[in-house]
Amino acid sequence: MTTLNGTKIVAFAVSVIVLAACVAECTMRRLTYWVVYSTFVIAEHFSGFILRWIPLYYPLKLIFLTCLFSERIRLAETIYSSFIAPILRSQEGVIDAALDKVQKRADVVMGDVKKGISEAAVEVVTKSVERSILDSKNKMGSNDAKNEAEKKID
């Protein structure tokens with residue numbers, strides 16, 4: 001039920017918003033919800049084995065997720081502006097450096113992949129041409145052998 005509340009209902013609401021051509025403020029609220037929800041899911045993943053022992057955890061989780069998505073309560077915006085945004089701002093340099101590092105590694109990997117694909121393509125074409133040449137020689141050779149056999153018969 002909590003997964004239904006956290007994802008399916010939101011997906012439906014987001015589709016309705018997109019269909020209604022919502023303004024930027026609505027889009028920002030939905031994106032804020034997803035950031036807070038994702039943070040919650042990550043935190044729950046690491047502490048879920050403890051949280052599951054709390055009495056009424058799942059009903060409380062359902063209420064939390066409902067308040068998180070609620071237009072009236074706007075809990076997602078409050079949590080984001082009070083907790084998540086300050087942490088992200090304080091770590092902006094570290095995050096940017098990590099993203100740059102990942103981008104550089106991805107560029108190297110993509111270069112290697114492209115090089116590997118090029119080499120593989122050359123290898124395939126080379127093997128294909130060699131096979132065609134061998135097939136042609138074999139056909140010619142079998143024709144020569146066939147002609148010799150016919151001469152022996154005559």
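Of note:
- Residues in segment 88-107 that are among the aliphatic types (A, V, I, L, M) and surrounded by 10 or more Cβ atoms within 10 Å (Cβ to Cβ) were compared, and the one that is farthest from residue 41 (Cα to Cα) is 106.
- Scanning segment 23-38 for residues that are surrounded by 15 or more Cβ atoms within 10 Å (Cβ to Cβ) and at pLDDT below 85 turns up 26, 29, 30, 32, 35.
- Residue that is modelled with the highest pLDDT [pool: residues in segment 52-86 that are assigned to a helix (DSSP H, G or I) and either acidic (Asp, Glu) or loosely packed, with under 11 Cβ neighbours inside 10 Å (or both)]: 82
- Taken together, the residues in segment 124-140 that are charged (D, E, K, R) and open to solvent by less than 100 Å² (accessible area, probe 1.4 Å) amount to 2.
The values are calculated or read from the model by the stated rules, or taken from the named source; none is laboratory data. Note that the structure is a prediction, hence the values are computed from the model and not measured. Counting neighbours? That spans all protein chains shown, and the Cβs are built from the backbone with ideal geometry, glycine included. To get the accessible areas, we keep the full protein, side chains included, count just its heavy atoms, and leave off ligands, DNA and RNA. Shrake-Rupley method; radii C 1.70, N 1.55, O 1.52, S 1.80 Å.
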